[in-house]
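The values are calculated or read from the model by the stated rules, or taken from the named source; none is laboratory data. All values derive from a computational prediction rather than experimental measurement. Neighbour counts run over all protein chains shown; Cβ positions are idealised from the backbone, glycine included. Please note that ligands, DNA and RNA were not included when accessible areas were found on the heavy atoms of the full protein model with its side chains. Shrake-Rupley method; radii C 1.70, N 1.55, O 1.52, S 1.80 Å.
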There are 2 protein chains.
Amino acid sequence: MATNTKSPVVDIHTHVYPPSYISLLKSRSEIPYVRSFPPSPSLRLVILPAEDTESTSRGRPVGAEYYDISKKIEFMDTHSIDISVISLANPWLDWVPSSEAAQAAQSINDEVNTECGKYPGRLFAFATLPLSGGKEVIVKEIQRLKSLKYIRGVILGTTGLGKGLDDPELLPIFEALQENKLPIFLHPHYGLPGSVWGERANDYGHVLPLALGFPLETTIAVTRMILAGVFEKVTELEMILAHSGGTLPFLAGRIESCIEHDAHLKAEGKLGKERKTVWDVLKKNIYLDAVIYSEVGLKAAIQASGQYRVMFGTDHPFFPPLEGEGQKWASVETNYVAIKAALGGGSEEEKGALGRNAVRVLNLEV
Amino acid sequence: MATNTKSPVVDIHTHVYPPSYISLLKSRSEIPYVRSFPPSPSLRLVILPAEDTESTSRGRPVGAEYYDISKKIEFMDTHSIDISVISLANPWLDWVPSSEAAQAAQSINDEVNTECGKYPGRLFAFATLPLSGGKEVIVKEIQRLKSLKYIRGVILGTTGLGKGLDDPELLPIFEALQENKLPIFLHPHYGLPGSVWGERANDYGHVLPLALGFPLETTIAVTRMILAGVFEKVTELEMILAHSGGTLPFLAGRIESCIEHDAHLKAEGKLGKERKTVWDVLKKNIYLDAVIYSEVGLKAAIQASGQYRVMFGTDHPFFPPLEGEGQKWASVETNYVAIKAALGGGSEEEKGALGRNAVRVLNLEV
C-alpha cells in the first residue's frame, strides 16, 4: 500500500570515531591503535588481531569520514538518509584501564552528544558504557545519559564485564537500562578464535573473521543471554542486534529444538511453561538492523522478528565504495535493494523498515 | 499445483551405527566411545568433549534404534517415510589409526550396503571415507564404492586430511568424487572451541555446541572451500549441506559483500569475472537438507539454493521423542510442518522437497 506521506530514512548502524577517541587510539602501540606506517604518511586503523600484520592490507586507512562529523552528513545526503543514530565503533572502551573508564566514557558521550547538536534533527546517538570501570561506575553513567539530549540507547559488545552477557553480575546494568528506557545496540568485535579459520586464513584477507566471525559472535552472545533467562528477569529489556541478529533468525528453530530436547535443562526444571522461547524473545525484546546484504537474509529477519522490528542501517564508514563506483556506495545500495525486494517498493512496510520503525523504537523527533 | 501422482518421501539425513562400528566404539576409553556407567547396565554413547563429564547427562543412551536396522524401518513407517539414505553418524572414522583406516571403511561400507539390501527400495546409503589412511587409500575406496549397489554418495566431516576442506591436498579426492558422481553429504562434528560458550556453558546442557557449534562449523567449512576456489577447480562437485547449510543461506549476502570489499583479495587479483560467487555455488554445486526446524530458516534455504535443491531429513535417531509425545517425533513433525508452510501443502514444490528432489539428485530407484 503506497502513500505519499513524507517518511524519513533513518540509519541506525553508522559509526563515528570522535577526535578524542582517535587521540586515545594514537597513543597506543597494541590493537586497537591508529598509526602511520612509513614511508606512507597516511594513518591506518588496526582493530582486529588478524589485521595486525606486515602485509599491505594491514588495517584500513583512516580518512576524514572516520572522525569528521560533516563527512557523515555528506554521506547521509548522498544516500538520502534523513537521520543517523551514530555510535562509537568497536572496540569502544573495552580496553581502557579501570581507573580511566568513567572519565573516558563521559568525555566520549559528551562529545558525541555535542556533535549531534551541530545538526539538530539529523543526528542522534548510542552512548558507550565504561565497562572496565565496574558496576557502580557503569550504572552511574547510564543515569547521567538522561542529561544528554541526543542519546537514545547504548552500544554494547559481547564481553560485558569480561565473562560475556550471560554473567549474572550484569543484571543491575540491564535493569538500569530498562529503567531508563535505553535499548542496547549489540555489536560484535571479537569474532571467533583464530584456529577455526584454518592455516590458509591469511589467503582470504579479512573475509572469514568479518563475514562469519562477527555475526556468529553476536548470535552466541544473545543465545547465551536467552539461556541464562535474562529476558525473564529483565522483561522489558530491549536489544537491537547488529547485522540482522548475526544468524539468530535462521537458527532460532534449531536452538528451540535443542532446548526442548536437552536432558540437562529438563532435569533442572528449565523447560516449564514460564520459559520464554527464542521466538518470544525475538518478537518482544529484540529488534534487528537490516544490514544483511540480501533479500534472503532480510526476509528471514522480518519473518522471525516482525516487520515493525527491522531497521535500515549502513555500517558507514566501513564497506567503502568499490573501484569504479559512483558516489553511492554499493554496500548501502545492496541493503536498500534488499528492503525494497523483501517489503515492496513504496509500501508502508518498506517505510517502516527504512525509518518509521526507528523513529518509534528510538523515540526520534522528526 | 496439486496432483494425485504418487510421490515418495525420502529422508536424506538419518544415521546408523552398524554393529561393527558399535564394537569399535566399545573398545575405546576416550571420545568417541560407548560404555556403561555402573550401577546402570545401559550403554551410553559419548561423542562430544562437552558430554564427557560426570554429570547425569553424560552422552546419550544407546538404544536399538542406533544399530538395529529394523528399528530404522519402523521409524520410517511411523513417519510415512518411503526411502531413507542412511549414513554413519559422526565422528565416522576420523579417529581410526592410519593403518586400520582402509579396512575399517571397507567393512563399514560393506555392512551398510548389506543392510540396505535387506529392505530393497527402502534404503540407500552415503559411504564413509578412510580419511586417516591418506590420499591413495581414500581414492581407492571411492573407486571401490561403484561395486556397492546402494551407495549414493559419501558423508564427510569438516577436517578433511586434518587441515580442513580448503586443503589443496583434497583436490584429487574431490575430483574422484566428481568423476564417480558421488555427492558429498557435509556434516559437522567438531563444533567450535569451547571457550566461546563461556563459563556457564554447562548450565545449558548441550544446547550451545549442538544448536550453534554444529551449524557454524558447517558454514565455516564450506565458506573456506568457496574462498579456496574449490568449485572453480572441481566444477561439477556436488555438496549436500546438513542442517540447511548451517547458516550459509542467511549469511551469503554478507560473505559476498566482504569478498567484494576485501583489499587483499583485490590485490591478489581474486575478484575477476571468472570468480564464482557464493550465490553461484549455492545454485550450482550445493544442495541443502531441510533439517532446520522452522519455516523462517527453510524459506531462506529455498530462496538461496532453489526449491529443487532442498531435501527432507530427520536426523534420526537424534532428537528422540519428548515426554508425553505419541509415536511421532516432534523433531520430525516440525520439519514436515516447515516444508508444508514454506511450499504449500500438496504442491509440486512440496513433493519435490519431500522426496522427488532426492530421487533425482541421488538417482534413487523408486
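Of all residues in region A:333-348, count the ones that are more than 10 Å from chain B (Cβ to nearest Cβ) and under 16 Å from A:ASP11 (Cα atoms). Spell out the reasoning first.
First, the residues of region A:333-348 that are more than 10 Å from chain B (Cβ to nearest Cβ): A:333, A:336-337, A:339-348.
Restricting the remaining residues to those that are under 16 Å from A:ASP11 (Cα atoms) gives A:333, A:336-337, A:339-340.
Selection size over region A:333-348: 5.
Can you report the number of residues in region B:107-119 which are buried (at least 19 other Cβ atoms within 10 Å of the Cβ) and free of Cβ contacts under 8 Å to residues at least 40 places away in the same chain?
Residues flagged as buried (at least 19 other Cβ atoms within 10 Å of the Cβ) and free of Cβ contacts under 8 Å to residues at least 40 places away in the same chain within region B:107-119 amount to 2.
Could we say that B:LEU25 is open to solvent by 20 Å² or more (accessible area, probe 1.4 Å), away from chain A (no Cβ under 14 Å) and of a type in the set (A, V, I, L, M) here?
Working: open to solvent by 20 Å² or more (accessible area, probe 1.4 Å): no; away from chain A (no Cβ under 14 Å): yes; of a type in the set (A, V, I, L, M): yes.
Against the criterion (open to solvent by 20 Å² or more (accessible area, probe 1.4 Å), away from chain A (no Cβ under 14 Å) and of a type in the set (A, V, I, L, M)), B:LEU25 does not qualify.
I need a count of the residues in region A:310-327 that are touching a residue at least 12 places away in the same chain (Cβ under 8 Å) and either of a type in the set (A, V, I, L, M, F, W, C) or more than 22 Å from B:ALA252 (Cα to Cα) (or both).
Of the residues in region A:310-327, 6 are touching a residue at least 12 places away in the same chain (Cβ under 8 Å) and either of a type in the set (A, V, I, L, M, F, W, C) or more than 22 Å from B:ALA252 (Cα to Cα) (or both).
Which number in (1) under 24 Å from A:ASN335 (Cβ atoms); (2) within 14 Å of chain B (Cβ to nearest Cβ); (3) open to solvent by 40 Å² or more (accessible area, probe 1.4 Å) marks the one condition that A:LYS71 misses?
(2)
Given the condition hydrophobic (A, V, I, L, M, F, W, C) and surrounded by fewer than 23 Cβ atoms within 10 Å (Cβ to Cβ), answer yes or no: does some residue in region B:120-132 qualify? It would help to see each step written out before you state the result.
Kept after step one, since they are hydrophobic (A, V, I, L, M, F, W, C), are these residues of region B:120-132: B:123-127, B:129, B:131.
Filter once more, keeping what is surrounded by fewer than 23 Cβ atoms within 10 Å (Cβ to Cβ): none.
Within region B:120-132, none of the residues are hydrophobic (A, V, I, L, M, F, W, C) and surrounded by fewer than 23 Cβ atoms within 10 Å (Cβ to Cβ).
When the residues of region B:288-331 are narrowed to those that are in a loop (DSSP other than H, G, I, E, B) and among the aromatic types (Phe, Trp, Tyr), which ends up nearest to B:GLU348 (Cα to Cα)?
To start, the set of residues in region B:288-331 that are in a loop (DSSP other than H, G, I, E, B) comprises B:290-294, B:306, B:312-315, B:317-329.
Going one step further and asking which of them are among the aromatic types (Phe, Trp, Tyr), we end up with B:293, B:312, B:318-319, B:329.
Values: B:TYR293: 21, B:PHE312: 14, B:PHE318: 29, B:PHE319: 29, B:TRP329: 25 Å.
Among those residues, the one meeting the criterion is B:PHE312.
Just for region A:340-355: of the residues that are surrounded by fewer than 22 Cβ atoms within 10 Å (Cβ to Cβ) and of a type outside the set (Gly, Ala, Ser), which one is farthest from the chain's Cα centre (by Cα)? Give the derivation first.
First pass over region A:340-355, keeping only residues surrounded by fewer than 22 Cβ atoms within 10 Å (Cβ to Cβ): A:340-341, A:344-349, A:351.
In the following step, the residues that additionally are of a type outside the set (Gly, Ala, Ser) were identified as A:340, A:348-349, A:351.
Values: A:LYS340: 22, A:GLU348: 25, A:GLU349: 23, A:LYS351: 21 Å.
Top of the filtered list is A:GLU348.
Can we say B:ALA290 is within 24 Å of B:LYS181 (Cα to Cα), under 18 Å from the mean Cα position of the chain (by Cα) and either at the interface with chain A (Cβ under 9 Å from one of its Cβ atoms) or open to solvent by less than 10 Å² (accessible area, probe 1.4 Å) (or both)?
Values: within 24 Å of B:LYS181 (Cα to Cα): yes; under 18 Å from the mean Cα position of the chain (by Cα): yes; either at the interface with chain A (Cβ under 9 Å from one of its Cβ atoms) or open to solvent by less than 10 Å² (accessible area, probe 1.4 Å) (or both): yes.
In short, yes.
Just need a number here: residues in region A:157-174 that are without any contact (Cβ under 8 Å) to a residue 60 or more places away in the chain and under 15 Å from A:PRO91 (Cα atoms).
Adding up the residues that qualify gives 3.
Quick check: anything in region A:2-13 open to solvent by 20 Å² or more (accessible area, probe 1.4 Å), under 30 Å from A:TRP197 (Cα atoms) and not acidic (Asp, Glu)?
Scanning region A:2-13, I find no residue that is open to solvent by 20 Å² or more (accessible area, probe 1.4 Å), under 30 Å from A:TRP197 (Cα atoms) and not acidic (Asp, Glu), so the answer is no.
Can you list residue pairs whose Cβ atoms sit under 9 Å apart, with the first residue in region B:273-291 being within 18 Å of B:ILE184 (Cβ to Cβ) and the second being of a type in the set (S, T, N, Q) and assigned to a loop (DSSP other than H, G, I, E, B)? Count only pairs 6 or more apart in sequence or on different chains.
Every condition considered, the pairs that remain are B:LYS276/B:THR235; B:LYS276/B:ASN285; B:LYS284/B:THR235; B:ASN285/B:THR235; B:VAL291/B:THR314.
Of all residues in region A:298-332, how many are surrounded by 16 or more Cβ atoms within 10 Å (Cβ to Cβ), out of contact with any His (no Cβ under 6 Å at 6 or more places or on another chain), of a type in the set (Gly, Ala, Ser) and more than 8 Å from every other protein chain (Cβ to nearest Cβ)?
3
Conditions (1) in a helix (DSSP H, G or I); (2) among the small types (Gly, Ala, Ser), marked per residue:
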{"site": "B:LEU182", "(1), (2)": "no, no"}
{"site": "B:TYR190", "(1), (2)": "no, no"}
{"site": "B:VAL196", "(1), (2)": "yes, no"}
{"site": "B:GLU199", "(1), (2)": "no, no"}
{"site": "B:ASP203", "(1), (2)": "yes, no"}
{"site": "B:LEU210", "(1), (2)": "yes, no"}
{"site": "B:GLY213", "(1), (2)": "yes, yes"}
{"site": "B:THR218", "(1), (2)": "yes, no"}
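Check off (1) at the interface with chain B (Cβ under 10 Å from one of its Cβ atoms); (2) in contact (Cβ under 8 Å) with a residue 60 or more places away in the chain; (3) of a type in the set (A, V, I, L, M); (4) outside any helix (DSSP H, G or I) for A:ILE240 and give me the number that stays unchecked.
It fails just one condition, (1).
Within 12 Å of another protein chain (Cβ to nearest Cβ), at negative phi, of a type in the set (Lys, Arg) and surrounded by fewer than 24 Cβ atoms within 10 Å (Cβ to Cβ): is that true of A:ARG254 in this structure? Talk me through it step by step, then tell me what you get.
Values: within 12 Å of another protein chain (Cβ to nearest Cβ): yes; at negative phi: yes; of a type in the set (Lys, Arg): yes; surrounded by fewer than 24 Cβ atoms within 10 Å (Cβ to Cβ): no.
No, not satisfied.
Name every residue in region B:264-287 that is surrounded by fewer than 16 Cβ atoms within 10 Å (Cβ to Cβ) and in a helix (DSSP H, G or I), in order of residue number.
If the condition is that a residue be surrounded by fewer than 16 Cβ atoms within 10 Å (Cβ to Cβ) and in a helix (DSSP H, G or I), then B:ALA267, B:ASP280, B:LYS283 are the ones that fit.
Looking at the structure I just gave you, is A:VAL34 touching a strand residue (DSSP E or B) at 6+ places or on another chain (Cβ under 7 Å), more than 24 Å from A:ASP289 (Cβ to Cβ) and modelled with pLDDT of 90 or more? Walk me through it before giving the result.
Numbers: touching a strand residue (DSSP E or B) at 6+ places or on another chain (Cβ under 7 Å): yes; more than 24 Å from A:ASP289 (Cβ to Cβ): yes; modelled with pLDDT of 90 or more: yes.
Considered against the rule, which asks whether it is touching a strand residue (DSSP E or B) at 6+ places or on another chain (Cβ under 7 Å), more than 24 Å from A:ASP289 (Cβ to Cβ) and modelled with pLDDT of 90 or more, A:VAL34 comes out as yes.
Please determine, by comparing only the residues of region B:38-61 that are more than 14 Å from every other protein chain (Cβ to nearest Cβ) and among the hydrophobic types (A, V, I, L, M, F, W, C), which one is most open to solvent (accessible area, probe 1.4 Å).
B:LEU43
Being more than 9 Å from chain B (Cβ to nearest Cβ), at positive phi and either charged (D, E, K, R) or crowded, with 21+ Cβ neighbours inside 10 Å (or both) is true for just one of A:GLY191, A:GLY198, A:GLY205, A:GLY229. Which residue is that?
Numbers: A:GLY198 fails: more than 9 Å from chain B (Cβ to nearest Cβ); A:GLY205 fails: more than 9 Å from chain B (Cβ to nearest Cβ); A:GLY229 fails: either charged (D, E, K, R) or crowded, with 21+ Cβ neighbours inside 10 Å (or both).
Only one candidate passes the filter, namely A:GLY191.
For region B:208-219, name all the residues that are at the interface with another protein chain (Cβ under 7 Å from one of its Cβ atoms) and open to solvent by 10 Å² or more (accessible area, probe 1.4 Å).
Matches in region B:208-219: B:LEU210 only.
Among the listed residues B:ALA176, B:ALA201, B:ALA211, B:ALA242, identify the single one that is more than 30 Å from A:GLU333 (Cα to Cα) and in contact with a Cys (Cβ under 7 Å, 6 or more places away or on another chain).
Values: B:ALA176 fails: in contact with a Cys (Cβ under 7 Å, 6 or more places away or on another chain); B:ALA201 fails: in contact with a Cys (Cβ under 7 Å, 6 or more places away or on another chain); B:ALA242 fails: in contact with a Cys (Cβ under 7 Å, 6 or more places away or on another chain).
Exactly one of B:ALA176, B:ALA201, B:ALA211, B:ALA242 is more than 30 Å from A:GLU333 (Cα to Cα) and in contact with a Cys (Cβ under 7 Å, 6 or more places away or on another chain), namely B:ALA211.
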